[in-house]
Every structure is written in structure tokens, then in C-alpha cells.
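Novice: Before I ask anything, here is the structure I am working with.
The values are calculated or read from the model by the stated rules, or taken from the named source; none is laboratory data. All values derive from a computational prediction rather than experimental measurement. Cβ coordinates were reconstructed from backbone atoms using ideal geometry, including for glycine residues, and neighbour counts include every protein chain displayed.
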Amino acid sequence: LKEKCVVHVVTITPYINLIPLCALDMLSLNAAWGGLISMIDFFSHTHTLIFLLSSQTLESLDTGKPFLSSFFVDLQGTIKTFRYFAGWADKIHGSTIPTDGEYFTLTRHEPIGVCGQIVPWNFPLVMTAWKLGPALSCGNTVVLKPAEQTPLTCLYIGALIREAGFPPGVVNILPGYGPTAGAAIASHMGIDKVAFTGSTEVGKLIQEAAGKSNLKRVTLELGGKSPNIIFADADFELAVEQAHQGVFFNNGQCCTAGSRIFVEEPIYDEFVRRSVERARRRTVGNPFDPTAEQGPQVRAKQQRRVLELIQSGITEGAKLECGGKAPLSKGFFVEPTVFSDVQDHMRIAKEEIFGPVQQIMKFKTIEEVIERANNTEYGLAAAVFTTDLNKAMTVSAALQAGTVWINCYNALSCQCPFGGFKMSGNGRELGEIGLKEYTEVKTITMKMSGKKS
């Protein structure tokens, strides 16, 4: 394996503030994009885009994730998301409302306007679809900034959008760094909404900038430290494999990663043993090798952070069961790592690692595990494994998380809303609810003499 720079990102600072004006001009000069014509045009343009996307293989080069995962998860998820929101384009409408007196009232769902969107580096392709799909379906124009670590797929989608026939100025791709391009989007007076997926730390800065500028609408999907609760009555084989995939999927670089695994005491030792066996079987290597389950971390900085947190776990007294090192002299790889005897106060149990590191903790009672699972600043996702329906519903209702999976993990669908509680963000993406983040509701009331209700 060879270490090689794939792309250099340069921000042309003097031109940053001009980009949103292109999107604003598109709204002003061609208001039909936000009206009825967009419903037909968006549908036809999007299906052309889906066809063009179907052979896209750039994601593994951009991110280092295994090619088969990029193709069957990221690419297929992107296509499904665009197709789903294209189907909504002619179904977004208001309603009539019975009111007191001689009045007739209706509502309209109108485009917000120019939407700034900032995409993360761990899922650049599918997150671009999560952002663009609802924004365009509702008739908005977009200024989208890809992560500086992984800009290639976003830029390629920009080229495909042009080839698919979208009018110039509807989608504007702005590569650059967070402190320049990202900050400009969050603070620009010509941008009406900002949607961001990334760290909680940066999410706070974006919300602050949005409030200090023109009080933009804000949608944030931020960090997580998700609990995965395994009861003794669970399907054991299923729980071991799902817990493994829930942490190690996408090289461990997943905001929903079930990295806090709580296992009921009677099965704890056997669960640890089987989890270690599974981690040792996980193949690490070139992401274009079809036998590789895990590729490198996205960059050297991320690899260093993961290894530093692993060392902190050892120092604080957790038991390193396997892994913990960089397995190769070249590349940003980290061995699949499993810790047991993890305590809630340890850094590896509190901080978002964003790497292939599994932490397994022991619990005795339902009341205890609910309290411990909720004892975090995050609330993005959670999971429960049990064959007891009452237990599953009781625990899922008590967990403070935007998504709870029962006997599965990372079961995401473009039809279902996704977002976090607490410091994992605000607002929702995907599903019908996700569309509401991209419209303004206007109430129109008309005086009618002789009204009969």
C-alpha cells in the first residue's frame, strides 16, 4: 500500500460571498423554479441524475471505505433518496382551514429560498442526497459545501446535476475549509437556511453565526455516543453480529455507532469472548479489495485521535481484549479493537471516538441500564436486543434518542425521519417530516361576506 494525496482543496476567499448571490439570482430571475414548473422539472431532472449516478464508483477513493460497502450502501442509498424526494415534488401543498366569522383561510408551503448545506466527510455521497433531495423538491436553491477531506463525490454530483439539465444557479458547489467557506455560509445575509451534519462543537458555531446574521433556519445533525443494550434473553448470535456491525461499519466512522454496548451480567463474559472472535476475523486492507471489510481512517489526524483514545482506555483501566494498534506501516489503518471492563467515567465511554473501537460494559437491572444509557450529552440513536416485547417497548420509550432500533442496528430508510435529541442536534432529515425543514408556511385569510360554514 502507498500513501498518496488524492486532492488538494483551495478556497478562493474573495469569491466565497458571490456564490450565494448566484442562487439568489436564480430565485429572482426564474421564480418558476420555486413554483409549479419545478415539480415537473425536478422530477424529470432527478431521474436523469439517478441514471447518471448508477455507475458512480468514486466514493471509496474519496473516503477509504470498502468498495462493496460504497456501492451497495452509499450509492444505492443515494439513488433511493433522490428517487424518494423526486416523488414528493408534486405533493407538497397546504390546506384549507375552517375559521370563525366571514373568513376563508388557506395555507401555502413555500420554498425558504437559498439554503446553505454543509456535508460531512464520513458519508459525503449519501449525505449530499439527504440535503439536496428535500431542498430541491421544495423548490429551493442550494449552496453546498463538501467536507475538505472528501470533496470528490460532491463535485462529481455537481457535474452530473449540470448534465441532468438542472438550471444554472439552482445547485452551487462551494469547496473549501470550515473557517472560511463554512463560516461564510453560516453568516451570509443572502442565505436563508443552513443545514449541517458534523461535530457538536462546529454545530454550536454554526447556530451562533446563523443567529448573529439573519436568524437563519437551522438544521443540525451532530455527534453521538449511542447505547446498544443487550439483554440476556436476546438472540445471542444476532446480537453479537449486530453489535459488531453497529460499531465497525464504515471503518467505525459513523455518528450512530453503537459504541457503548451494555450487556446483561449473565451473558457478559460469553458476549465479550464472541465479540473478540468476530473482531479478529474482520479483514482490514485496501478498500478496493473485495475481501476487505475495513479500510483506512479518512486521514492521519483521525488515525492519531483513535489511537490516542485507545491508549487512554488502557491507561484508565479498561481491558484491551484485541487490536489497539496500526496494523500496517503505510496508510491510516487501525486494528479492530475491543475493550471490556469499561466504566462510564472513562474517556472511551464518553467521547465520540469515530473509529473501529468497541466498548463493552456490564449491567444488572433495567432501571440501571436506562439511567446509564441516558447519562450522556448525546441523543442520536440507541438499540435494544431482547425477545421480550414488553421489555423492548419499555426501554425504547425511556431512551433519550431520536432513533431507537429493536433487534437491529443502523436500519435507516429515506422514508423515516432521522435526527437527534439533546446535543446531537435539532430538526429532522428524511421522510415527510424532513420536507418541513425546507418550507415556510404562509397563512392566507380572505374576507367573505355571507360565508356559510
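Novice: Look through PHE354, PHE385 and report the one residue that is out of contact with any Leu (no Cβ under 8 Å at 6 or more places or on another chain), touching a residue at least 40 places away in the same chain (Cβ under 8 Å) and of a type in the set (Phe, Trp, Tyr).
Specialist: Numbers: PHE385 fails: out of contact with any Leu (no Cβ under 8 Å at 6 or more places or on another chain).
PHE354 is the lone residue from the list that is out of contact with any Leu (no Cβ under 8 Å at 6 or more places or on another chain), touching a residue at least 40 places away in the same chain (Cβ under 8 Å) and of a type in the set (Phe, Trp, Tyr).
Novice: Also, I was wondering about something else. Give segment 287-314 a look and list any residue that's aliphatic (A, V, I, L, M) and either assigned to a loop (DSSP other than H, G, I, E, B) or touching a Pro at 6+ places or on another chain (Cβ under 7 Å) (or both), or say none. Don't jump to the end; show me each part of the working.
Specialist: Taking segment 287-314 as the starting set, the residues that turn out to be aliphatic (A, V, I, L, M) are 292, 298, 300, 306-307, 309-310, 314.
Listed by number, the residues that qualify are ALA292, VAL298.
Here's the yes/no breakdown for (1) over 23 Å from the mean Cα position of the chain (by Cα); (2) under 16 Å from ALA279 (Cβ atoms); (3) among the acidic types (Asp, Glu):
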position: ARG299; (1), (2), (3): no, no, no
position: GLU321; (1), (2), (3): yes, yes, yes
position: GLY324; (1), (2), (3): yes, yes, no
position: SER329; (1), (2), (3): yes, no, no
position: LYS362; (1), (2), (3): yes, no, no
position: GLU367; (1), (2), (3): yes, no, yes
position: ALA373; (1), (2), (3): no, no, no
position: LYS391; (1), (2), (3): yes, no, no
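Novice: Within segment 105-115, can one find any residue that is buried (at least 24 other Cβ atoms within 10 Å of the Cβ), at pLDDT 95 or above, under 27 Å from CYS255 (Cα atoms) and not charged (D, E, K, R)?
Specialist: In the first step, residues of segment 105-115 are kept if they are buried (at least 24 other Cβ atoms within 10 Å of the Cβ); the result is 111, 114-115.
Now drop any that are not at pLDDT 95 or above, which leaves 115.
After this cut, where a residue has to be under 27 Å from CYS255 (Cα atoms) as well, the list is 115.
Subset that is not charged (D, E, K, R): 115.
Taking every residue of segment 105-115 in turn, at least one turns out to be buried (at least 24 other Cβ atoms within 10 Å of the Cβ), at pLDDT 95 or above, under 27 Å from CYS255 (Cα atoms) and not charged (D, E, K, R).
Novice: Same structure again: Which ones in segment 72-109 are farther than 22 Å from GLU429 by Cα and of a type in the set (A, V, I, L, M, F, W, C)?
Specialist: ILE97, PHE104, LEU106
Novice: Filter segment 301-319 down to residues that are more than 20 Å from ALA373 (Cβ to Cβ) and aliphatic (A, V, I, L, M) and give me whichever is nearest to the chain's Cα centre (by Cα).
Specialist: Per the stated criteria, the residue is VAL306.
Novice: Moving on. From the list LEU389, LEU328, LEU380, which one is of a type in the set (A, V, I, L, M), under 19 Å from ASN251 (Cβ atoms) and surrounded by fewer than 17 Cβ atoms within 10 Å (Cβ to Cβ)?
Specialist: Details: LEU389 fails: under 19 Å from ASN251 (Cβ atoms); LEU380 fails: surrounded by fewer than 17 Cβ atoms within 10 Å (Cβ to Cβ).
The conditions single out LEU328.
Novice: For segment 53-77, what are the residues that are at pLDDT below 75 and surrounded by fewer than 16 Cβ atoms within 10 Å (Cβ to Cβ)? It would help to see each step written out before you state the result.
Specialist: Initially, segment 53-77 is screened for residues at pLDDT below 75, giving 53-57.
Once the filter is applied, which keeps residues that are at pLDDT below 75 and surrounded by fewer than 16 Cβ atoms within 10 Å (Cβ to Cβ), segment 53-77 yields SER54, SER55, THR57.
Novice: Something else: If you go through segment 87-100 one residue at a time, do you hit one that is out of contact with any strand residue (DSSP E or B) (no Cβ under 8 Å at 6 or more places or on another chain), hydrophobic (A, V, I, L, M, F, W, C) and either over 20 Å from PRO290 (Cα atoms) or surrounded by fewer than 24 Cβ atoms within 10 Å (Cβ to Cβ) (or both)?
Specialist: Yes; the residues of segment 87-100 include at least one that is out of contact with any strand residue (DSSP E or B) (no Cβ under 8 Å at 6 or more places or on another chain), hydrophobic (A, V, I, L, M, F, W, C) and either over 20 Å from PRO290 (Cα atoms) or surrounded by fewer than 24 Cβ atoms within 10 Å (Cβ to Cβ) (or both).
Novice: Kindly indicate which of GLY324, GLY317 is free of Cβ contacts under 8 Å to residues at least 24 places away in the same chain, at positive phi and either assigned to a loop (DSSP other than H, G, I, E, B) or aliphatic (A, V, I, L, M) (or both).
Specialist: Details: GLY317 fails: free of Cβ contacts under 8 Å to residues at least 24 places away in the same chain.
Checking each option against the conditions leaves just GLY324.
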